[in-house]
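Remarks on the structure that follows.
The values are calculated or read from the model by the stated rules, or taken from the named source; none is laboratory data. Model, not experiment: these values are computed from the prediction. Quick reminder, even Gly has a Cβ in these numbers, built from the backbone with ideal geometry, and neighbours come from all protein chains shown.
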């Protein structure tokens, strides 16, 4: 984010150099090009406001996807007041647009927790990934998406998922033990994802696991984590009567 709209070729080039350096260090380039080297994402505050308002007022599927990605912006270095001011401005508009929030809720509820009806887990059936599930797209994402909606709806400036869940729980008067269980479930899934980084990735994806290859304790904890995700989605669904 910058105060003036002029980025310049040199600035964009430097950003691409940083992206390339991170890639060489082991942080792969984003396949969706959501990176500093993308000139469309190097905007002034006023340009971001214009873009944000368009997404909120015209919530197309692409706009909702963009909001899911960009509305979690945070300051990393420099004048952090720019981010704080933009966050405050944004929350004023998201709280005042129930249709936008309702569509964000529908997005957050689009993926069910992978709990099986007969077996413990609902694993994928596609031949290429048969018998596995993705801990990110079918696990942590459920918590992240719900927490984001609560944050945008309740005017919570924090962008961390755990912080959003805790603050949302306080404002909605949810018992602390239930909130703690939700946060711990999210942290367990994150820990399991980190543990998958070391051994060879299943089907070339470090987020993909065979849940039945886990030992009994981890299987029970994983099932409970997914159950907490389902309860969180149900709380969001009831809040918006979906």
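Would you point out the residue of the stretch 104-134, among those that are closer than 25 Å to residue 241 by Cα and in contact with a strand residue (DSSP E or B) (Cβ under 8 Å, 6 or more places away or on another chain), that is surrounded by the fewest Cβ atoms within 10 Å (Cβ to Cβ)?
That would be 115.
Does residue 73 satisfy the criteria of being part of a helix (DSSP H, G or I) and at pLDDT 90 or above?
Spelling it out, it is not the case that residue 73 is part of a helix (DSSP H, G or I) and at pLDDT 90 or above.
Scan (1) farther than 23 Å from residue 236 by Cα; (2) at pLDDT 95 or above; (3) loosely packed, with under 12 Cβ neighbours inside 10 Å for the single condition residue 49 breaks and write down its number.
Failing condition for residue 49: (3).
In the stretch 75-88, what residues are loosely packed, with under 14 Cβ neighbours inside 10 Å and touching a helix residue (DSSP H, G or I) at 6+ places or on another chain (Cβ under 8 Å)?
85
Given (1) under 21 Å from residue 225 (Cα atoms); (2) touching a helix residue (DSSP H, G or I) at 6+ places or on another chain (Cβ under 7 Å); (3) exposed (fewer than 15 other Cβ atoms within 10 Å of the Cβ), identify the lone condition not met by residue 166.
(3)
Yes or no, residue by residue, for (1) part of a helix (DSSP H, G or I); (2) out of contact with any helix residue (DSSP H, G or I) (no Cβ under 9 Å at 6 or more places or on another chain); (3) touching a residue at least 12 places away in the same chain (Cβ under 8 Å):
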| site | (1), (2), (3) |
| --- | --- |
| 31 | no, yes, no |
| 34 | no, no, yes |
| 46 | yes, yes, yes |
| 49 | yes, no, yes |
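Which one of these is within 20 Å of the chain's Cα centre (by Cα) and over 28 Å from residue 232 (Cα atoms): 60, 94, 81, 31?
31
Being over 22 Å from residue 65 (Cα atoms) and modelled with pLDDT of 95 or more narrows it down to one residue among 189, 165; which is it?
Of the residues listed, the single one that is over 22 Å from residue 65 (Cα atoms) and modelled with pLDDT of 95 or more is 189.
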